[in-house]
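What follows is a single structure, written as structure tokens, with notes after it.
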Amino acid sequence: MKINLLNNILVGFFTVVISASCSMIKNVEEGKVVKVLNEKKLLDSIKEYELDIQWLKARGNASITINNEAPQEIDLNIRSKTDSLIWLNVSKFKKRIFRGEFKKDSVKMVIEYPEKLFFKGSVANLENDLNLSIPYALIEDLLMGRSYLKHLEDKFILQVKNNEYHLHSHRKRKTKRITNNKTKKSVDYIYQSWIDPFTFKCKRINIIFPASSSEININYKNWKKINNQYFPMDIELIISNLELAYNLLINYKNVKFDLPQKFPFKSIDNKYQSIKFND
């Protein structure tokens, strides 16, 4: 029941950390001059152009690799209401294998195949069991293709490199000291992002959570326009800690915004067995 079935749960859990998005944003033309902005002006521009929706409905497919094992191909059905709920169905060969409901402080996850198993509990307990730090706000911002910057209070270091704005919370030497446990003061996270200087869309994100030795890398690609807003149809997500590594490639086929959704979740009866991650 342990590893193989746990993978099904993790497929669902980490799929949530992603998502969505339908005309293309063209790549920056070579030779085009990047305007030098200060940190405040850049952050204001990023916030101005970030996605502003209340509802999301998205379907697509994904490939997930866990610890260099053979990739698993899955189909995704995601619905969400901003600042409230994320709902997920995962299927394979048209057979549902996982369903989940994620809120700010609680999680319900059900494995439908090959065995009927479930987890129901707090986000804090799940993070502790998996030894991964994934704040709900981060999950939601990634789902919306946002930068997560509005939730961070740091003064960022701003550089222009390779025709991109590069924002980071700590300099390279300080980051190395933190990750090697050579600093006296604890740090909740180390954040980096790379911003397109003409669209102000976030292209890549790297976040390290030193306390759990976990790291998240996101690459947003293939931006398209839906309802006058741009979103990445292709996303690569890499999540790792000291024991596990996940590589998730998402390709979204159908995305809709601001259509009120229902979030059906069939009750968990006595056919399902509770999962204890640490058993």
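The values are calculated or read from the model by the stated rules, or taken from the named source; none is laboratory data. Remember, predicted model here, so these are calculated numbers, not experimental data. We place every Cβ from the backbone using ideal geometry, glycine too, and count neighbours over all the protein chains shown.
Annotations
- Looking across the stretch 100-133, the residues that are of a type in the set (A, V, I, L, M) and out of contact with any Ser or Thr (no Cβ under 8 Å at 6 or more places or on another chain) come down to Met109, Val110, Ile111, Ala124, Leu126, Leu130.
- Answer residue from the stretch 196-219, given it is of a type in the set (Phe, Trp, Tyr) and either in contact with a Lys or Arg (Cβ under 6 Å, 6 or more places away or on another chain) or in a loop (DSSP other than H, G, I, E, B) (or both) and is surrounded by the most Cβ atoms within 10 Å (Cβ to Cβ) among those: Phe200
- Of all the listed residues (Ser267, Ser240), the sole one being out of contact with any Gly (no Cβ under 6 Å at 6 or more places or on another chain), surrounded by fewer than 16 Cβ atoms within 10 Å (Cβ to Cβ) and small (Gly, Ala, Ser) is Ser267.
- Qualifying strands (runs of 3 or more DSSP E) (wholly inside the stretch 58-154; at least 3 residues being surrounded by 17 or more Cβ atoms within 10 Å (Cβ to Cβ) and under 16 Å from the mean Cα position of the chain (by Cα)): 72-81, 85-92, 95-102
- Restricted to the stretch 155-195, and to residues there that are hydroxyl-bearing (Ser, Thr, Tyr) and part of a strand (DSSP E or B), the residue that is surrounded by the fewest Cβ atoms within 10 Å (Cβ to Cβ) is Tyr191.
- Qualifying residue in the stretch 133-150 (condition: over 30 Å from Asn227 (Cα atoms), at pLDDT below 90 and not polar (S, T, N, Q)): no
- Test: residue in the stretch 180-192 that is at pLDDT 90 or above and touching a helix residue (DSSP H, G or I) at 6+ places or on another chain (Cβ under 7 Å): yes
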